[in-house]
Every structure is written in C-alpha cells, then in structure tokens.
1. Would you calculate the convex hull of the Cα atoms in the range 65-113 and tell me its volume per residue in Å³?
2. Hey, for a label at ASN73 modelled as a point 7 Å past Cα toward Cβ, could you say which residues of the range 22-47 have their backbone N under 14 Å away?
3. Report the Stokes-Einstein translational diffusion coefficient (µm² s⁻¹, integer) for the range 1-55, Rh taken as the Kirkwood radius over Cα pairs, at 25 °C with viscosity 0.890 mPa s.
4. So, for the chain, what is the accessible surface per residue at a probe of 1.4 Å, expressed in square angstrom?
5. Report the label-to-label distance for VAL56 and SER122 in nanometres (one decimal), using points 7 Å from each Cα along the Cα→Cβ vector.
6. What is the Cα convex hull volume of the range 33-82 when expressed per residue in Å³?
7. Give, as ranges by residue number, the residues of the range 21-41 whose backbone N falls under 16 Å from the point 7 Å along Cα→Cβ of VAL2.
8. Does anything in the range 1-41 have its amide N under 17 Å from the 7 Å Cα→Cβ label point of LYS86, and if so which residues?
Amino acid sequence: QVQLVESGGGAVQAGGSLRLSCAASGRAFSNYAMGWFRQAPGRERQFVAAIGWSGVLYYDDSVKGRFTISRDNAKNTVYLQMSSLKPEDTAVYYCAGGASRWATRARSDYAYWGQGTQVTVSS
C-alpha cells in the first residue's frame, strides 16, 4: 500500500521561507514521478511543481523562481523549498505520487495523495 506523508507546513510572514517534505512508502520510489499541488479555500486543487524519475522539473508559472522541487531517492522523500512566500500562496499543500515515471501537470496523472499540510502566509 502506497503512503505519502507530508510535513513542514506552518505559518510564516510574507517574504519568508518554508520547506515541505513528503515521505513515501509502499513502492519503488525512484521509478515514479512526484508532484506537489495546493488547494486554497473555495478553489480547485492546482498544480505547483513536479519532478520525474530522471529529474525533469515542471513548475506552475506562479511559483517559478520562488519554489524548488527536489527528491532524495535514498530517503524516499520529495521536497518543496518555498521562498519569497506571498499571501496568495496560502493553501493546503498536497504531495502526489505519479502513476508513471513521467512528470506532468495533470491531477489525473497522479495515483496517490498525501493528507495535506497547511501553509499560511500573512502580509
């Protein structure tokens, strides 16, 4: 059974930084893409960043240059380093496990989801 457990969320002032972690278990982590999505109140869950099995990266335009996704296959963990945070980054952030090795922006391409971690950015 695949499990994804996020950690690292919290409250921060605008301009601050946070690092989210997602520990995966239950399958060969290095063979699959991983992604981060977020959902703000009243809005649909949206793509943030993804990393493929070979390290190919994708970012949403709203976070490009501020967020960095990375993975440590030895630790079965994917990270999201968030810098220069803005109030509009406030959301529940979800880790997602891809159904294949290829990173994509589509929610439907992710088969597994974590429980989410809250990120709140105050102005």
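1. 107
2. The answer is 28-34.
3. Details: Rh = 13.3 Å.
My calculation gives 184 µm²/s for D.
4. With the other protein chains kept in place, the chain gives 50 Å² per residue.
5. 4.2
6. Measuring per residue, one finds 81 Å³ for the Cα hull of the range 33-82.
7. 22-37
8. 12-18, 38-41
The values are calculated or read from the model by the stated rules, or taken from the named source; none is laboratory data. Quantities reported herein were computed from a predicted structural model and do not represent experimental measurements. Here the Cβ is made from the backbone with ideal geometry for all residues, glycine too, and neighbour counts use every protein chain on show. Protein only, heavy atoms only, side chains kept; ligands, DNA and RNA dropped before computing areas. Shrake-Rupley method; radii C 1.70, N 1.55, O 1.52, S 1.80 Å.
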